[in-house]
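The values are calculated or read from the model by the stated rules, or taken from the named source; none is laboratory data. Keep in mind the model is a prediction, meaning the values are calculated, not measured. Don't worry about glycine lacking a Cβ; one is built from the backbone with ideal geometry, like all the others, and counts go over all protein chains shown.
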Amino acid sequence: MSLYTAATLAAGRLFPSAEEIPFDDQGYTTVDPILPPWKELIPGSLASIIVFSLLYWKAGPIIKKSFRDRTAGVQKQLDDSAAAKAAAEADAVRIREAKGDIEAERARLFAEADAQAEALLADGRARLDVEMAELEARAEADIGAAAGRGTDELRAEIARHSGVAVDRIIRDTLDDAAQQDLIETFIARVGASTGASS
Amino acid sequence: MSDAMIEGYARALFEVARAEGTLDEVEDELFRFARSYESSDSLRAALTDEHIPAEKRQAIVEDLLGGKTTTTTIQLVSMVVGSGRSRDIPAIVDSLVARASSAKQLDVAEVRTAVALTDDQRARLKAALENATGKSINLKTVVDPSVVGGVVATIGDTVIDDTVRTRIEQLKSRL
């Protein structure tokens with residue numbers, strides 16, 4: 001008897017034919033509503049054990065390795081995440097510190113700008129006051145000078161006209177008799193003096 | 001012109017006039033001509049114009065002085081004009097007058113009046129100035145209308161000014 005035949009016989013014993021399975025008007029039914037018949041349960045269980053054993057023997061290491069690899073990958077990701085978190089926290093600390101520095105620097109700059117603005121304002125006010133005082137003084141001096149100049153010009157004009165008038169009147173009144181009188185007066189005056197005069 | 005050249009001309013004129021025996025007249029005539037030359041722009045322009053030939057300028061001098069001055073004066077002025085020294089006539093004449101006065105141990109008194117003095121007035125004025133200064137005076141009179149009236153006498157550094165012009169100037173200054 002060949003192996004095929006033996007296997008067929010064994011299977012025939014293990015797996016009953018359709019005629020051997022109870023049949024009623026509702027179809028084929030088993031004795032136990034939950035468990036299959038022993039003839040099915042035993043080979044099925046054996047087959048399952050064989051299959052699962054084969055799976056455990058052949059695929060187990062692969063699955064374990066894949067799980068280990070996956071675990072290692074997950075662990076690596078966790079480690080990376082932890083490192084990234086630490087780096088991020090460090091960055092956050094640094095940023096917070098920098099932010100604090102920026103705030104302090106901004107406050108310092110604002111304070112400095114305020115101080116400079118105040119100083120500039122005070123300086124500008126002082127300079128404006130001085131310039132105003134100078135302008136007022138200059139304006140007063142200019143007004144005084146203009147008034148003086150006007151007076152001087154008026155006086156000079158009067159003097160010029162008076163001089164012209166005097167010159168003309170004297171020339172008109174100086175006839176020959178007056179000329180001779182002036183000469184005689186000069187001679188008499190010089191003759192009466194005994195020292196040089198200028 | 002340099003002082004030495006002016007002195008040279010003055011000495012030459014002085015010697016010529018003295019040799020001619022007309023020093024007093026010539027000196028007086030040259031002095032008057034020099035003052036006229038100073039006061040007349042047209043005369044100065046005519047005698048110093050390089051475009052007018054020297055002969056013509058000399059002819060102007062002869063026309064101007066002919067019959068009014070001695071021949072010696074005309075010749076001396078013509079000689080100066082002909083040599084192209086017209087600009088220096090006042091300086092040359094002043095130097096001549098100073099030389100002549102020095103030779104006679106006199107001080108030159110330049111008197112300016114608006115009208116001409118009579119001989120009597122000249123004599124009395126000369127005596128008055130000599131009395132006032134204590135010096136012997138060589139009186140030189142100039143008719144100068146710009147003095148307006150009165151007299152101004154200059155003896156060396158001394159000035160006796162009693163002119164109407166000065167009084168007017170003083171009055172203007174006070175005004």
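Just give me the residues in the range B:128-150 being facing chain A (nearest Cβ under 7 Å) and out of contact with any Ser or Thr (no Cβ under 6 Å at 6 or more places or on another chain), in sequence order.
B:ALA128, B:LEU129, B:ASN131, B:THR133, B:VAL148, B:GLY149
Of everything in the range A:158-190 that's at pLDDT 85 or above and over 18 Å from B:ALA116 (Cα atoms), which residue is surrounded by the most Cβ atoms within 10 Å (Cβ to Cβ)?
A:VAL190
Whether any residue in the range B:49-56 is farther than 24 Å from B:LEU139 by Cβ, in contact with a helix residue (DSSP H, G or I) (Cβ under 6 Å, 6 or more places away or on another chain) and not assigned by TED's automatic domain parsing to the domain that holds B:VAL143 is what I want to check.
yes
Could you say whether any residue in the range B:47-54 is touching a residue at least 24 places away in the same chain (Cβ under 8 Å), closer than 23 Å to B:SER146 by Cβ and surrounded by 16 or more Cβ atoms within 10 Å (Cβ to Cβ)?
yes
Pick from A:ASP129, A:ASP142, A:ASP123, A:ASP167: which is of a type in the set (Asp, Glu), at the interface with another protein chain (Cβ under 10 Å from one of its Cβ atoms) and in a helix (DSSP H, G or I)?
That would be A:ASP167, the only listed residue that is of a type in the set (Asp, Glu), at the interface with another protein chain (Cβ under 10 Å from one of its Cβ atoms) and in a helix (DSSP H, G or I).
If B:ASP107 passes every condition in (1) of a type in the set (Asp, Glu); (2) under 26 Å from B:THR163 (Cα atoms); (3) more than 14 Å from chain A (Cβ to nearest Cβ) but one, which one does it miss?
Evaluating B:ASP107 over (1) of a type in the set (Asp, Glu); (2) under 26 Å from B:THR163 (Cα atoms); (3) more than 14 Å from chain A (Cβ to nearest Cβ) leaves (3) as the failure.
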